[in-house]
Amino acid sequence: MRDFELVLSFPSGSVLIGGHSPAPEGVSVIHARLPDGRPVIPATALRGALRESFEGMLRALDEPACAGGNGEDPRRPRPMQEGSCQLNDGQPCRACRMFGGGRAQLPNDQRTFSALVLGEAVPSSEFIGWRTRHGVAIDRSRQSASHQRLFRRAVPEEGLTFRARGRLTVDDEKLRNDFEAAVIATTHIGAGKSGGLARVEMSLHWCEEKTHPQALPDGDELELELVLRAPASIGVPLALGNFRDTRSHVPGSALRGAIGFALAEILPDPSDKAFQDLVADDKKTAAIFDFLYPVDPDKGPGLAAPWPITARECQRNRDHGVIDTLLDRIAVATLKSPEDALRIEPQIRERCAEPGCNHVLKSPQGTRRAQGPPKTRIVTRVAMDRHRGSARDGALFSTAMIEQGTRFVGRIRNIPAEGREHLSLALSQPLSLGRGRAMGWGSVDIDRIASPIPMDSLQKRRENFEMALEKRLRRELQLDFDLAGRLLVFTLLSPLISPEQGGTSDAGDGRAVIAAELGDVAEGLEWLFMARRFDIERGWDQRKGPRRPVRAVKAGGVFVALLPKEILWDDVSGALHRMEAQGIGERTREGFGRVICFDPFICEGTRQREHG
Ligand SMILES: [Zn+2]
Ligand SMILES: [Zn+2]
């Protein structure tokens with residue numbers, strides 16, 4: 001692997017890459033902009049320009065080169081080929097080797113899609129402002145000015161330089177030479193050649209190699225705090241037409257994928273056993289890559305997880321804090337008489353308890369450690385027809401992306417001792433989450449690696465729960481509650497995927513999974529209360545392609561079970577420990593089915609947002 005920096009300047013003026021940002025009032029087209037208003041050279045445009053020059057150079061040398069990774073040599077037309085480019089005696093052409101070949105799946109003999117990882121180029125000096133240029137619209141079909149129509153283009157001021165970071169994933173001299181040649185051969189980028197735009201000068205600076213393995217804390221569990229250095233697109237299970245939404249969290253598979261990619265690039269032998277054991281699927285000895293959830297900066301420690309479905313906050317004033325309503329729901333679920341129901345009704349928490357407020361409560365926004373969902377931007381691109389050099393009709397693609405600067409916290413648990421060295425190596429490499437890695441999307445900085453602060457023990461959490469239950473139901477609501485010591489409470493910290501069910505009535509709603517984990521004691525188990533929502537989950541396997549969509553119980557689901565009278569705590573505590581440590585249901589190595597028993601938040605009272 002070799003890092004580099006690419007510096008771009010525009011000696012004859014400015015640059016215009018349209019189709020990325022909506023044009024403001026009075027302007028027909030504006031050069032691509034960052035959300036903060038500064039200009040940017042999008043990674044796709046940069047790659048496209050480099051690739052085109054490189055393809056042209058290869059053709060001038062009479063070497064095989066396909067067009068944009070389609071596997072076809074435009075000089076030697078032949079019937080369409082299936083699969084990836086094979087122009088180079090059965091191997092991909094040199095352009096495909098560098099830039100990738102548009103393949104959806106990773107061929108078995110190749111480690112990555114593209115040897116080049118290149119991010120967007122941002123201004124490297126202070127940006128002063130935009131300039132307007134006038135142009136004349138040309139009618140493409142008649143090759144003439146269309147009714148002499150003038151239009152205005154907004155371009156960055158002159159004299160600006162841009163800087164992009166990137167790397168070659170294989171440190172190979174031939175590849176380095178190819179990339180240097182592509183950089184030198186690239187003299188234009190974007191539109192407006194005739195109007196003095198588009199001429200570019202690029203200079204390439206290789207960085208020194210640095211591979212200091214990241215020091216890991218002791219133990220088989222660590223917590224990571226990651227900060228997005230570039231926008232990220234984290235795939236949703238179902239895409240809608242030309243719009244691709246993003247998740248607001250990072251599934252464990254995305255973190256595991258990033259680590260797997262990093263290791264595949266640097267390990268001499270990617271079939272190395274310790275590596276494969278680290279990232280193996282559904283194997284109890286492999287590491288668990290938990291979901292990462294957004295957190296606000298400078299919040300105290302605590303679970304980075306979605307709120308339980310039973311959490312509520314004041315609809316009027318968020319400073320009134322977040323409460324959990326589970327104890328009251330248990331009270332309602334165990335009422336013995338209509339008289340009790342009428343009597344406690346005014347005391348049940350449906351409204352804000354802040355003195356003088358009394359406003360309706362609603363489900364809280366954000367996560368346990370973030371005030372709201374992460375900021376996103378929509379990037380819209382026009383699909384270009386390379387043969388005609390114009391936009392394909394109606395081919396607009398929009399991608400939602402999480403903004404750079406967003407923080408995520410999550411854990412890697414159950415780390416096998418033999419995998420520690422690999423993990424520390426992987427965490428010292430550049431990591432990218434989600435789609436568009438080759439364009440620099442989703443690249444993250446590791447802000448913190450630490451041993452997680454342990455929660456109270458299971459025993460202690462259960463005691464706290466029992467005390468809170470006693471206080472609320474017996475003392476405050478004055479109910480005749482006689483189920484003390486028999487309740488089990490489960491809260492999902494990530495989505496749960498049930499194994500295939502044979503048509504039972506509770507198929508896939510989570511109860512069967514929990515009961516199966518409890519084993520024999522589940523005979524005679526009663527479900528007192530459940531709050532759960534459903535979702536569709538799907539995964540992406542780098543070698544097998546998309547997985548089948550499955551129904552999942554959403555994170556935040558809460559289950560309260562009543563144990564039969566004769567069952568003792570010692571009969572179940574082992575199973576509960578195991579469920580917390582290993583997760584429940586399917587795909588637990590990707591962080592699905594992470595569960596805690598007796599969530600401390602239930603007994604916490606009001607949590608003030610600003611104190612995390
Ligand atoms: Zn090719
Ligand atoms: Zn209130």
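The values are calculated or read from the model by the stated rules, or taken from the named source; none is laboratory data. No experiment lies behind these values; they were computed from the predicted model shown. With ideal geometry, Cβ positions are generated from the backbone for all residues, glycine too; neighbour counts draw on all protein chains shown. These area figures cover heavy atoms from the full protein model, side chains too; ligands, DNA and RNA do not enter into them. Shrake-Rupley method; radii C 1.70, N 1.55, O 1.52, S 1.80 Å.
Assorted remarks:
- Count of the range 325-379 residues, restricted to those that are under 23 Å from R475 (Cβ atoms), of a type outside the set (D, E, K, R) and away from ligand 2 (no atom under 12 Å from the Cβ), is 17.
- Counting only strands (runs of 3 or more DSSP E) that fall entirely inside the range 94-173 and contain at least 3 residues that are more than 16 Å from ligand 1 (Cβ to nearest atom) and modelled with pLDDT of 70 or more, the qualifying elements are 130-139, 144-156, 161-168.
- When I266, I259 are screened for being open to solvent by 40 Å² or more (accessible area, probe 1.4 Å), closer than 13 Å to A426 by Cα and either in the same structural domain as G434 (by TED's automatic domain parsing) or in contact with a Gly (Cβ under 8 Å, 6 or more places away or on another chain) (or both), only I266 passes.
- Residue within the range 290-297 that is open to solvent by 70 Å² or more (accessible area, probe 1.4 Å), within 16 Å of ligand 2 (Cβ to nearest atom) and in contact with a strand residue (DSSP E or B) (Cβ under 8 Å, 6 or more places away or on another chain) present: no
- For the range 55-73, a residue qualifies if it is open to solvent by 50 Å² or more (accessible area, probe 1.4 Å) and near ligand 1 (Cβ under 9 Å from one of its atoms), and exactly one does: N70.
- Search result, residues across the range 550-608 that are touching a residue at least 40 places away in the same chain (Cβ under 8 Å) and among the acidic types (D, E): D571, E580, E586, E590, D599, E604
Okay, residues lined up against (1) within 16 Å of ligand 1 (Cβ to nearest atom); (2) more than 35 Å from the chain's Cα centre (by Cα); (3) among the charged types (D, E, K, R):
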{"site": "L326", "(1), (2), (3)": "no, no, no"}
{"site": "L335", "(1), (2), (3)": "no, yes, no"}
{"site": "P338", "(1), (2), (3)": "no, yes, no"}
{"site": "E350", "(1), (2), (3)": "no, no, yes"}
{"site": "A353", "(1), (2), (3)": "no, yes, no"}
{"site": "P364", "(1), (2), (3)": "no, no, no"}
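- A residue that is modelled with pLDDT of 90 or more and acidic (D, E) can be found somewhere in the range 56-65.
- Checking P454 against (1) in contact (Cβ under 8 Å) with a residue 12 or more places away in the chain; (2) more than 26 Å from L228 (Cβ to Cβ), the condition it does not meet: (1)
Each row is one residue, and each column tells you yes or no for (1) over 30 Å from the mean Cα position of the chain (by Cα); (2) of a type in the set (G, A, S); (3) surrounded by fewer than 19 Cβ atoms within 10 Å (Cβ to Cβ).
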site	(1), (2), (3)
W441	no, no, no
E463	yes, no, yes
E470	yes, no, yes
T491	no, no, no
P495	no, no, no
S498	no, yes, no
A522	yes, yes, no
W527	yes, no, yes
R533	no, no, yes
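- R76 falls short on exactly one of the conditions (1) at pLDDT 85 or above; (2) within 16 Å of ligand 1 (Cβ to nearest atom), and that condition is (1).
- Among residues of the range 252-273 that are in contact (Cβ under 8 Å) with a residue 24 or more places away in the chain, none has a beta-carbon under 8 Å from a residue that is among the β-branched types (V, I, T) and in a helix (DSSP H, G or I) at least six positions away or on a different chain.
- Total residues in the range 298-310, condition among the aliphatic types (A, V, I, L, M) and surrounded by fewer than 23 Cβ atoms within 10 Å (Cβ to Cβ): 2
- Members of the range 216-238 found to be crowded, with 18+ Cβ neighbours inside 10 Å and not in a loop (DSSP other than H, G, I, E, B), listed by number: L222, E223, L224, E225, L226, L228, A232, G235
- Yes/no for R176 being assigned to a strand (DSSP E or B) and either at pLDDT 80 or above or among the hydroxyl-bearing types (S, T, Y) (or both): no
- Residue check: S451 meets all listed conditions (1) more than 26 Å from A305 (Cα to Cα); (2) open to solvent by 50 Å² or more (accessible area, probe 1.4 Å) but one, namely (1).
- Whether a residue is more than 19 Å from F99 (Cβ to Cβ) and at pLDDT 90 or above was assessed, and L226 passes this test.
- Selection count where residues are open to solvent by 40 Å² or more (accessible area, probe 1.4 Å), touching a strand residue (DSSP E or B) at 6+ places or on another chain (Cβ under 6 Å) and not basic (K, R), scope the range 239-255: 3
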